[in-house]
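Following: one structure in structure tokens, then a few remarks.
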Amino acid sequence: MTRRTVSVVLLVVACLLVPLGTLSTWAKYEIGDSDRYVSTMAPLAGDPDVQNAVADAVTTEVVKNLDVGALESVLADYLHDAVVSFTGTDAFRGAWNTANRAAHDAVQQALDEGTTGPVTVDLAPVTRQVKEQLEADGVPFAERIPVAHTEVTLLSAGDLAGLRKGFHTLQLAGPWLPLAAVVCAVAGLALAARRRHALAWTALGAALSAAALLVALPLARALTLDDISGAANKAATASVYDALTSPLRTASWVIVGVGVLVALAAWLGRHPFGRARNAASSLRREHSGDTRRRPHDQHTTGERVDDHLVQGPPHTRP
């Protein structure tokens, strides 16, 4: 391979690694970290779609395990309203964070250990608080509401197997993929014969790769929502997806912006605007040089005039 070919290959690989490096960093430090995950999910406790989905889940699980006969629909409506009301309290926010931390740890453990069972989240803290509220209000059958088995499935065994194939690999790669992209870019630019030209195209390629990731995110969102049944669950899943991918979108936009700016700077430095700027600088330097020489020239000219006056006009032959 020639030097130019090696440079091109390295720079292309660097550009292709940009979206993968962004994904691996996000998977490792945003999704893989329990504290960051809980912090990202915490604001969703006040999201109406999430609150409604939690109320649906709690109501469904409670009614399923509570035999009240003909009063089932009435109790379900009342219980749903009670849960929605409870989701606006500080107690719910605390229970929400606890449930999300437990869910994150369960998913991460399943990914690390390769377990095959479904992953569930325990909503018992929410149900317990609602039960106490209903009992205080004197609602019939409130004391019979089961608490211990209020679980909602987050990932089925099949979903977990599909997630493990790619997501766990990204988490293991972590910061190594973006580091590999930087190394390939530096090596490729060092081998390039026209480095400014290579820098412009590499920056533009990185920006386009990040833009491709921005296009892929809404497509993945649509595919994710297609597998969700129920309007309330779809709306809640959309809110969760948007919250979890927000850092990914921000990082991609930053890469697009920086890439375009670097490409423009490198491009303008070697094209007519850059040459015009260089020409203007040369003219200013020449003008400054003429100004410095002008007093010397005037002094010389003055001496010649004085000599002419002293010597007088030349003699002419009669």
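So what's the gap between the Cα centers of segment 32-60 and segment 166-222, to the nearest angstrom? For segment 32-60 versus segment 166-222, the Cα centre distance is 33 Å.
Annotation: per residue accessible area for segment 14-117 equals 47 Å², rounded to a whole number [probe 1.4 Å, protein chains only]. Using C-alpha pairs below 8 Å separated by at least 6 residues, the relative contact order for segment 1-143 is 23 percent.
Of the peptides 44-53, 209-218, the ranking by mean beta-carbon count within 10 Å, highest at the top, reads 44-53, 209-218.
What is the magnitude of the charge dipole of segment 1-109 about its Cα centre, with +1 placed on the Cβ of each Lys and Arg, -1 on the Cβ of each Asp and Glu, and no other charges, expressed in debye to the nearest 20? Each step should come with its number before you reach the end.
Numbers: 7 positive and 13 negative charges, 223 e Å.
It works out to roughly 1080 debye.
Remark: segment 16-62 carries a charge dipole of roughly 260 debye about the Cα centre, counting +1 on each Lys and Arg Cβ and -1 on each Asp and Glu Cβ.
By accessible area of protein heavy atoms, probe 1.4 Å, what ranking do Glu61, Glu113, Glu72 get, highest first?
Values: Glu61 35, Glu113 120, Glu72 85 Å².
Correct descending sequence by accessible area is Glu113, Glu72, Glu61.
Coupling constants for segment 165-175 follow from the phi torsions by the Karplus curve (6.51 cos²θ - 1.76 cosθ + 1.60, θ = phi - 60°), and in residue order they are 4, x, 5, 5, 5, 4, 5, 5, 5, x, x Hz; glycine and proline get x. Counting Lys and Arg as +1 and Asp and Glu as -1 over every other residue whose Cβ lies under 13 Å from the Cβ of Asp56, the net charge comes to -2.
The values are calculated or read from the model by the stated rules, or taken from the named source; none is laboratory data. These numbers come from a predicted model, not from an experiment. Counting neighbours? That spans all protein chains shown, and the Cβs are built from the backbone with ideal geometry, glycine included. Note: accessible area is taken over every heavy atom of the protein model, side chains too, but ligands, DNA and RNA are not part of it. Shrake-Rupley method; radii C 1.70, N 1.55, O 1.52, S 1.80 Å.
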